[in-house]
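To keep things clear, I will list the structure first and then write my remarks on it.
The values are calculated or read from the model by the stated rules, or taken from the named source; none is laboratory data. All figures in this text were calculated on a predicted structure; none of them were measured in a lab. Cβ sites come from the backbone with ideal geometry, for glycine too, and all protein chains shown count toward neighbours. Protein only, heavy atoms only, side chains kept; ligands, DNA and RNA dropped before computing areas. Shrake-Rupley method; radii C 1.70, N 1.55, O 1.52, S 1.80 Å.
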Amino acid sequence: MKKWKEILFFGALWGLAEATLGFVLHVSAASIAGFLMFPVGFAIMWQARERTDSAYAPIQVATVAAGIKLVNLFFAPMWITVFNPAAAIILEGLFVAVLLRKGNRLSPSSCLLATYGWRLGYLAILLIQLYFGFTLRLLQGGMASVLPFVTIDAGVNALLIFLIAKTSRRLGFEMKPGWVGATLAAAVIVTVVI
């Protein structure tokens with residue numbers, strides 16, 4: 001039961017980060033969300049992996065965070081604006097789970113592979129949507145938009161997650177009663193309001 005409390009707490013924390021920091025970064029003039037949100041998610045998944053000692057913790061945390069994001073399906077004018085970020089979160093969780101499957105001893109190349117992995121998976125989803133006639137912001141700029149996404153952004157992300165993994169320590173707090181529910185409620189409410 002303790003493991004699931006940790007998973008729900010960290011998933012809700014990531015959902016809350018996406019709803020607040022992610023929102024601000026996505027609407028800012030300097031689009032730096034791509035540089036920062038995956039490392040934020042990675043730091044949260046890393047903590048969950050450390051605290052639960054479960055190789056599946058990153059994908060479980062990502063599933064909770066994506067579920068919180070999907071609450072917006074009830075309010076968004078276009079489903080794709082909710083589905084795509086949720087799909088990215090799931091892909092990030094999947095590749096981080098593979099990256100952390102044997103613990104936290106990471107190499108720069110493994111961080112780069114995980115970063116490229118989820119980004120290429122996300123581009124595949126976008127290309128399928130493009131095939132069916134959807135207009136997608138990342139693809140509207142052509143290669144001028146896609147290349148930074150898979151080069152500069154990916155390189156910065158790989159460096160940041162490598163540094164996070166090398167410098168992070170397991171947080172030593174004890175989960176208090178009510179934290180999980182409060183964090184989940186806050187994440188859902190902020191997601192709906194913003």
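Here are the numbers for the structure shown:
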| read-out | value |
| --- | --- |
| Residue satisfying all of: in region 12-30; farther than 14 Å from I194 by Cβ and touching a residue at least 60 places away in the same chain (Cβ under 8 Å); surrounded by the most Cβ atoms within 10 Å (Cβ to Cβ) among these | W14 |
| Selected residue (only one of A12, A48 is touching a Phe, Trp or Tyr at 6+ places or on another chain (Cβ under 6 Å) and either of a type in the set (K, R) or farther than 28 Å from V146 by Cβ (or both)) | A48 |
| Residues located in region 89-108, provided they are assigned to a helix (DSSP H, G or I), open to solvent by less than 10 Å² (accessible area, probe 1.4 Å) and not β-branched (V, I, T) | G93 |
| Some residue of region 109-121 being modelled with pLDDT of 90 or more, open to solvent by less than 30 Å² (accessible area, probe 1.4 Å) and in a loop (DSSP other than H, G, I, E, B) | no |
| Residue within region 129-147 that is surrounded by 15 or more Cβ atoms within 10 Å (Cβ to Cβ), closer than 24 Å to A65 by Cα and in contact with a Cys (Cβ under 7 Å, 6 or more places away or on another chain) present | no |
| Matching residues in region 130-182 - criterion: being polar (S, T, N, Q), part of a loop (DSSP other than H, G, I, E, B) and closer than 23 Å to L13 by Cα | S168 |
